[in-house]
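> If you scroll down you'll find the structure; I have some questions about it.
The values are calculated or read from the model by the stated rules, or taken from the named source; none is laboratory data. Values in this document were obtained by computation on a predicted structure and should not be read as measured data. Cβ: placed from backbone, ideal geometry, glycine included. Neighbour counts: every protein chain shown. In case anyone asks, the SASA skips ligands and DNA or RNA and just uses the protein heavy atoms, side chains included. Shrake-Rupley method; radii C 1.70, N 1.55, O 1.52, S 1.80 Å.
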Amino acid sequence: MSKSEQNARDCGISLPNAIKGCPKSDTNPASVALHERALTGIFEISKVLADAARLELKLAKVVDLLHSFVQMRHGIIALCDAEGGLDITVASGCGTNGNEPSRSRLPRNAIDQIVTTDTPLVADDIVMHPTFTAADIEVLGASDTVSFIGVPIRVDGNAIGALTLDRVLESRSSYRLDDDVRLLTMIANMVGQTVKLHRFSAVDRERTPELEHRLQTKFSDVKHPAPRRKKVHVEGMIGDSPAISALLEKIAVVAKAKTTVLLRGESGTGKELAAKAIHELSPRAKRPFVKLNCAALPETVLESELFGHEKGAFTSAFNSRKGRFELADKGTLFLDEIGEISASFQAKLLRVLQEQEFERVGSNQTIKVDVRVIAATNRNLEEAVARNEFRADLYYRINVVPLLVPALRQRRSDIPLLAAEFLKKFNDENGCTLTFDPRAIEVLMKCEFPGNIRELENCVHRTAILAEGLSIGRNDFACSQGQCFAEALWKCRSGKAALQPPPIMPESANLATPPDEAASSAATNPLAGATHPIGARTPDIERVIAAMERCGWVQAKAARLLGLTPRQIGYVLRKYGVEIKRL
């Protein structure tokens, strides 16, 4: 019996074909040496995983040990948390603090596919493989022909991470990819069992204090059970999905501090409700909650609104007036759409956030306040900073605690609850007793809702108005003439991606629509493609651009021309990535 086989028997490892080597007829000494070295490496890895050390330290040692018996440049072990995000990431050469360096060269697309599909990923040449994006290729440094191998790490049959390596593929290489896949799968299974044991240990450590308290309670004849953490409830925020529950728990924690909060998320997700919840759960709940939409006002008016003005500071300043910062003293100020403020005003706002002091317009007297600022935006501020459209120092000042408000498509289980609440509100306001047919809820659950909760509410109210009978069914939704729901319904039927516009139908396709319904559609939805004063029947974005060109790229004028609000015009321009021209 060879030394490798004796080591395998001592560790309780059965040697697969990938480790034992080639068939008996293959007596290549080089091949036997490679498999001997692989078996020795597995033996060393088993000792590392059995050691009593932190999980990150053991995983880092495992990746480093792979270099001793596998041809590779980089090796990575990536573990995911319960929500699918990266929890632990270690890479060869990074030691115990390898999370950040390893994530900087992490092929995210490939790892996501391995975890999602729960199958190995093998690429002879990453440049030619469709899974690898340009970013992945750049991360892996594919100056030569680079091959890639990745296998899932499983716990109880579920993929919770991936073990990957990459190498420069050479014609003289003695390693075969299929053998390496089996070898890495064995190591990944050992890692998975170690992760499982560590998680059980962590759960036991958390349960030990609770168990001791229960025992003390039982033997001291206390009738009341141990107190449980109350579920956070915020008025107006409806849902029990994991995404919204996690957000509410973070809000409850963040609300206790005075620190600035930045709410991120798409338009219509309920960022203002989240800001109000932070205020109401904070020690400032009895103080004012003042809000301002920064995108709705020009810079000169915005300065007066925030800082106030003295009498005679400008033409229409007939009296002195307090600004929003003064009104929110000892309370909370919510600045919505903060990504839309101009560069010059960003510097003024930065000083107030840093020093908590300012001067009214037309005054030299410094006013000091104590205000907690909560900002919100649906823009990608990181890209805006890179393009010098948003000050980096202001970004770091407001981005102290970022909270992401999930989109409606990320919390689909809340759609029935939200729809029922919106229908109840409609019934109360209009004296109706409408209900939902189960098939109507099925339609709602399948739609993408790019306008999120705001779009869902509009769809429910619109369909309730047009519904025939006392129950809203599938056909009622299909007959709704509102553009936002028609777009979502179209994507639901065609399987298109979110935020993709519906197809533009030719003129002949509208002949089946009765004249009265067509008139109703044009009256309720000015962007539905009907003939407009600016000219021909054109798609939404083309009509908006035509109106903007005609009005010198002034959104307020274009909004009046189209019969819309400036906010709607801005939403369409951002949706299709149209850059506003500065004349």
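> Summing Lys, Arg as +1 and Asp, Glu as -1, what charge do residues with Cβ under 12 Å from the Cβ of ALA162 carry, ALA162 excluded?
In short, 0.
> Taking amide H positions as placed 1.01 Å from N in the peptide plane, with prolines and chain starts having none, which residues 5 or more places from THR435, or on another chain, fall under 5 Å of its amide H?
SER471, ILE472
> With the full set of protein chains in place, find how many percent of the accessible area of the stretch 307-426 is carbon and sulfur; take the probe as 1.4 Å.
48 percent
> Contour minus end-to-end for ASP125 and ALA53, with contour as 0.36 nm per residue of separation and end-to-end as the Cα-Cα distance?
Between ASP125 and ALA53, full extension yields an extra 22.2 nm.
> Looking at this model, which pairs from LYS58/LYS250; LYS286/LYS575; LYS271/LYS330; LYS256/LYS425; LYS47/LYS196 are more than 27 angstrom apart at the alpha-carbon?
Pairs exceeding 27 Å: LYS58/LYS250; LYS286/LYS575; LYS256/LYS425.
> With Cβ to Cβ distances under 13 Å as the rule, what net charge do the other residues near PRO120 carry (K, R +1; D, E -1)?
Taking every Cβ under 13 Å from that of PRO120, the sum is -2.
> When the Cα centres of the stretch 105-168 and the stretch 235-256 are compared, how far apart do they sit, in Å?
Distance between centres, Cα-based: 35 Å.
> Run the quick spin-label model on ALA285 and ALA257: label points 7 Å from Cα toward the beta carbon, then report their separation in nm to one decimal.
Distance between the two pseudo-spin positions: 2.1 nm.
> Hey, can you rank 108-119, 244-255 by average C-beta count inside 10 Å, highest first?
Ranking, from highest mean packing down: 244-255, 108-119.
> Dividing the alpha-carbon radius of gyration of the stretch 307-381 by 2.2 N^0.38 Å (N being the number of residues), what value is obtained?
1.17
> Right, another one. Taking R0 as 45 Å, what's the FRET efficiency between ASN158 and LEU466 from their Cβ-Cβ distance, rounded to 0.05?
The pair ASN158/LEU466 has a calculated efficiency of 0.50.
> Set the Förster distance to 25 Å, then compute FRET efficiency between LYS425 and ASP240 from the Cβ-Cβ distance, nearest 0.05.
The calculated FRET efficiency here is 0.85.
> Per residue of the stretch 383-399, what does 6.51 cos²θ - 1.76 cosθ + 1.60 with θ = phi - 60° give for ³J(HN,Hα)? Whole Hz please, x for Gly and Pro, Karplus curve as stated.
Here the 3J(HN,Hα) series is 5, 5, 5, 5, 8, 6, 9, 9, 5, 5, 5, 5, 4, 5, 6, 8, 8 Hz.
> Under unit Cβ charges (Lys, Arg +1; Asp, Glu -1), what dipole magnitude, rounded to 20 debye, does the stretch 356-475 have relative to its Cα centre?
So the dipole magnitude of the stretch 356-475 works out to roughly 140 debye.
> Then there is this: Which of the peptides 391-401, 323-333 is most tightly packed, and how do the rest follow, going by the mean number of other Cβ atoms within 10 Å of each residue?
By packing density, highest mean first, the sequence is 323-333, 391-401.
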